[in-house]
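Asker: Okay, here's the structure, questions in a sec.
All of the numbers you see were taken from the coordinates with simple rules; none came from a lab. Because the structure is a prediction, the values reported are computed rather than measured. When we count neighbours, we look across all protein chains shown, and the Cβ atoms used for this are built from the backbone with ideal geometry, even at glycine.
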Amino acid sequence: MPTPQPTATPQAIIMPTPQPTATPQAISSTDTQTLYNEARKKVVRISFNTGNGKSEGSGWIIENGWVITNEHVVNTQRFVTIEFPQENRLEYKRVTGEVKGVDTKRDLAAIKINYSQEPIPTKEVTINDIGEQVVTLGYSAGNAGVPSTHSGVITYVKESIDVDTDTLTPFWGQNLKGKISVIVFDADADPGDSGGPLIDSQGNAIGVVYGRLNTTNGKAVTGQQFATNIVSVREVWEDLKKGMNTSNK
């Protein structure tokens, strides 16, 4: 009979140690400063004289030779003053802008300028982008050449909102009307920031800041600022450049 051979000793299967998943990180102060520095010279202060002083707001370069802002920033003006930040933050370049098309439904206005500046890249967002880190730039502090900035996150994206029934209160009292896409975010925005860009962590402008909600049903509300989503801007931008009023589109 053959000599029995010892069976192999079973070897334990070593399972890999589970690795912790990465915790999402907020935009660091360094990253916020980088986003600010990249966008600063592309964010402008818009103003015009009224019978009682000066009206001011913000805007930004959406393409070379064109500024986008809110309709309520330009009001009924045909020409407005545009102030561009320069490398030296104590200086700015002043030019005249001609208001072309306006849209009260989306609270948008297109301004033609004779000034060359690289635009801020744009990107549409959806509900899948909730939680994305964002920053705002605008002139609520009132200093030409030095826009202020705040950081926060996208708290909600209303992809098709009928503001006739779901009322949002912009800074200057109007209401957007019709089905548009609105970004809700918690970064601070104040009067004077209207028309400025809402920028994501990659440096894309994803919306045009237009307002905030202060109260609902008589109760104070915080962290409810709004921007018109770039998807709604793109619906009408080419027509705005042609001088059209796209409020009914």
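Asker: Sorting check: for 141-149, 109-117, which peptide has the highest mean count of neighbouring beta carbons within 10 Å, and how do the rest follow?
Answerer: Ranking the peptides 141-149, 109-117 by packing returns 109-117, 141-149.
Asker: I've got another one for you. Using the structure shown, list the pairs from Lys42/Lys179; Lys105/Lys158; Lys100/Lys249; Lys112/Lys179; Lys41/Lys100 with a Cα-Cα distance above 25 Å, or answer none.
Answerer: Pairs exceeding 25 Å: Lys42/Lys179; Lys112/Lys179.
Asker: Can you compute the modelled spin-label distance between Asn88 and Glu238, with each label point 7 Å from Cα toward Cβ, in nm?
Answerer: The two pseudo-label positions are separated by 4.3 nm.
Asker: For Phe84, list long-range residues whose amide hydrogen, built 1.01 Å from N in the peptide plane, is under 5 Å from its own amide hydrogen.
Answerer: Residues meeting the amide H criterion: Lys93, Arg94, Val95.
Asker: HN-Hα J couplings of the stretch 197-209 from phi, Karplus 6.51/-1.76/1.60, θ = phi - 60°, integer Hz, Gly and Pro as x?
Answerer: Once θ is set to phi - 60°, the couplings for the stretch 197-209 become x, 9, 10, 7, 5, 9, x, 8, 7, 10, x, 10, 4 Hz.
Asker: For Thr34 and Thr155, calculate 0.36 nm times their separation in residues minus their Cα-Cα distance, and state this gained length in nm to one decimal.
Answerer: 41.3 nm
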